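Presented below is the structure to which this report refers.
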Amino acid sequence: MTPRFTAAALFLTTAFLAPAQTPLNDTAKLLTEVIRVNTSNPPGNEAKLAALLKSKFEPLGFQIDIITTPDPAKAHFIARLKGDGSKKPILLAAHADVVGVEREKWSVDPFEGVVKDGYVIGRGAIDFKGGLAVFAEAVMMLAKNKVPLSRDVIFLSEADEEGGSYNTAWLAKDHFDKIDCEFSLNEGGWIIKNPDGTVRYVSISTADKSGVSLLVTAKGTSTHASMPRPDSAIFTLAKAMGKIGDYDTQPKLIESTKEFFTTLEKTSKPPLSTYFHDLVAGTDPEKVKIADREISKDPLLHAIMRNTIAPVFLNAGFRGNVIPGSAEATLNFRTIPGTNVEELISEMKAVVNDPRVEVTNAGGRGMPAGTNAAYAEYIKMTSRMKPSSKDSELFRALVQQSNVVFPNVPVTTYLFQAGTDSAAWRSRGIPVYGIYPYPISAEDLTRMHGNDERVSIESLQQGTDLIYKTLVQVAGK
Ligand SMILES: [Zn+2]
């Protein structure tokens, strides 16, 4: 028997469903499709996503370039909407790959594009398929609405941001003409929500931290385990690591971090507001120390104000009856722009203060780029990078349109705590502004690279509004 619903029954059904069912907007719809293409890296499979994006962009009149890499599964997708050429292009870049999942820890299939309770849930919802969907939708809206353009608008879906060799640095080497621009948008800053759902602040990253790894090597006598000597390499290394573990680097605030902490001062209550004030403007070293200690209880804030030290490898010994002649540890540093590797080595040598221990540059070891050659290239590139200036049409438009979409919410610059693939542009002097374009709560933020990663459907709409309005202001005639 076919079930038949009366109008009243239908009304009741929808009334019951209403609180949980936020209608899907175009961005959320696109995001569910994008999540369904599993681009966990490795292996990436970004070429499959490029094919899906081509089917969306091409009918709207975009000029499409799919840049294949030596790995046929990995590809960069470029869609260009032509302007009249009176200004240089604007580029919106988003990485297509995502990190893998611990599937058993998810409450839903991470690659199904599940919509539940007003959220899109899936791997990459925050990092960065949500952003990819927002950027793509905003750019496609320019074409759908036939907005006359003074400059080309380029959308780039990138391969290998989460690892691998065919990232934007690889793309930029031979194809820079296709991604050259006056300025660019990428992932970076956050639009953070208060617990009551209102937006606390909008942060736009103007610089990223870089990475460098140092090798700490202790030397001793290699001999039979039956006759230990007092110069064990392993004990010596352990002592050195103990000293490094007890040590922390001094805060090193750059302009964007100062502005960010001042915004936090304005949007928090005492005593936190006082700590933020003391950290940025304090003159009493004791108060600055207390401020650092209290603010550093938040690992993110601890990270953006200093060079961080993370032990990532330990290596010593090869047989149960041999005392090894050396023991080594690899430390991964995430550095503030302007940090010099030689200075970092001297700092660590002074902390260890032991002639039996050497501190050297670890080269490509443990770095995402892998090989020594790729590492050398990365260091060369990042050493050329300077924070992007706020003095640009794009930055001003982002601030103005943020004030329209999120009235009375402060906008601040930000130093992104990790690296992104924007180095390909920043190292060439092209400004890059980073934003995860959706209001997000602190709780949801912990799901990034974690389990049940999700983004709210309403936030996707707000982000699309912000980016679309910004594009109309910057690229419209
Ligand atoms: Zn990312």
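Sort out for me the strands (runs of 3 or more DSSP E) sitting completely within the stretch 15-99 that have 1 or more residues that are over 20 Å from THR420 (Cβ atoms) and of a type outside the set (A, V, I, L, M, F, W, C).
Answer list for the stretch 15-99: 63-68, 75-81.
How many residues does the stretch 149-186 hold that are among the aromatic types (Phe, Trp, Tyr) and modelled with pLDDT under 95?
The number of residues fulfilling the criteria is 2.
In this structure, does ILE254 turn out to be under 30 Å from GLY163 (Cα atoms), assigned by TED's automatic domain parsing to the domain that holds TYR375 and in contact (Cβ under 8 Å) with a residue 60 or more places away in the chain?
Numbers: under 30 Å from GLY163 (Cα atoms): yes; assigned by TED's automatic domain parsing to the domain that holds TYR375: yes; in contact (Cβ under 8 Å) with a residue 60 or more places away in the chain: yes.
Yes.
Take ALA238 and decide whether it is closer than 30 Å to ASN307 by Cα and within 16 Å of the ligand (Cβ to nearest atom).
no
I'm trying to understand the selection: among the residues of the stretch 33-59, which are touching a residue at least 60 places away in the same chain (Cβ under 8 Å) and of a type outside the set (A, V, I, L, M, F, W, C)?
Across the stretch 33-59, the qualifying residues are GLU33, ARG36, ASN38, THR39, SER40, ASN41, PRO42, GLY44, GLU46, LYS56.
Among the listed residues SER150, SER86, SER157, SER165, which satisfies the condition of being buried (at least 24 other Cβ atoms within 10 Å of the Cβ) and touching a residue at least 40 places away in the same chain (Cβ under 8 Å)?
When all the criteria are applied, what remains is SER157.
Please specify each residue of the stretch 248-283 satisfying the condition of being surrounded by fewer than 17 Cβ atoms within 10 Å (Cβ to Cβ), more than 23 Å from the chain's Cα centre (by Cα) and part of a helix (DSSP H, G or I).
LYS266, LEU272, SER273, ALA281
Within the stretch 130-175, can you find the residues that are among the acidic types (Asp, Glu) and either farther than 21 Å from ILE435 by Cβ or away from the ligand (no atom under 16 Å from the Cβ) (or both)?
Selection gives GLU137, ASP152, ASP160, ASP174.
Tell me, please, whether a residue that is in contact with a Pro (Cβ under 7 Å, 6 or more places away or on another chain), on the phi < 0 side of the Ramachandran plot and buried (at least 18 other Cβ atoms within 10 Å of the Cβ) can be found in the stretch 371-387.
Yes, that holds for at least one residue.
Conditions: (1) farther than 30 Å from TYR438 by Cα; (2) in the same structural domain as GLN462 (by TED's automatic domain parsing). THR217 meets all but one. Number of the miss?
(2) is the only condition that THR217 fails.
Would a scan of the stretch 176-190 turn up a residue that is farther than 24 Å from VAL455 by Cβ, of a type outside the set (Asp, Glu) and within 16 Å of the ligand (Cβ to nearest atom)?
Our first condition is that a residue be farther than 24 Å from VAL455 by Cβ; within the stretch 176-190, this holds for 176-183.
Still in the running and of a type outside the set (Asp, Glu): 176, 178-179, 181, 183.
Still in the list and also within 16 Å of the ligand (Cβ to nearest atom): none.
Looking for residues that are farther than 24 Å from VAL455 by Cβ, of a type outside the set (Asp, Glu) and within 16 Å of the ligand (Cβ to nearest atom), one finds none in the stretch 176-190, hence no.
Go over the candidates LYS144, LYS173 one by one and state the one that is basic (Lys, Arg) and under 21 Å from VAL474 (Cα atoms).
LYS144 is the lone residue from the list that is basic (Lys, Arg) and under 21 Å from VAL474 (Cα atoms).
Return only the number of the condition from (1) more than 17 Å from ALA159 (Cα to Cα); (2) more than 16 Å from the ligand (Cβ to nearest atom) that VAL101 does not satisfy.
Evaluating VAL101 over (1) more than 17 Å from ALA159 (Cα to Cα); (2) more than 16 Å from the ligand (Cβ to nearest atom) leaves (2) as the failure.
The values are calculated or read from the model by the stated rules, or taken from the named source; none is laboratory data. Nothing here was measured: the structure is a model prediction, and the numbers come from that model. Please note: Cβ atoms are built from the backbone with ideal geometry, for glycine as well, and neighbour counts cover all protein chains shown.
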